[in-house]
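Okay, so here's the structure we're looking at.
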Amino acid sequence: MKVTIIYNKDLTGVINRFGMQNKEKYNPETVKKVADALEKGGHNVMIAEGICT
């Protein structure tokens, strides 16, 4: 399965159109560990920056 993890390193200027913004913050190393675990499970994983301009 192809999986994209969308992660905002910088939250300034992020507009949330779909309800309340998630207050949780994740360390970039944690995001990488999740991606690695998914890849180990046979998935094709990409981490993408979620900022739209």
Looking at L11, L38, can you tell me which residue is surrounded by 10 or more Cβ atoms within 10 Å (Cβ to Cβ) and at pLDDT below 85? L11
Being of a type in the set (A, V, I, L, M, F, W, C) and either in contact with an Asp or Glu (Cβ under 9 Å, 6 or more places away or on another chain) or part of a strand (DSSP E or B) (or both) is the filter here, so list the residues in the range 21-49 that pass it. V45, M46, I47, A48
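The values are calculated or read from the model by the stated rules, or taken from the named source; none is laboratory data. Remember, predicted model here, so these are calculated numbers, not experimental data. As a convention, Cβ positions derive from the backbone with ideal geometry for all residues, glycine included, and neighbour counts pool all protein chains shown.
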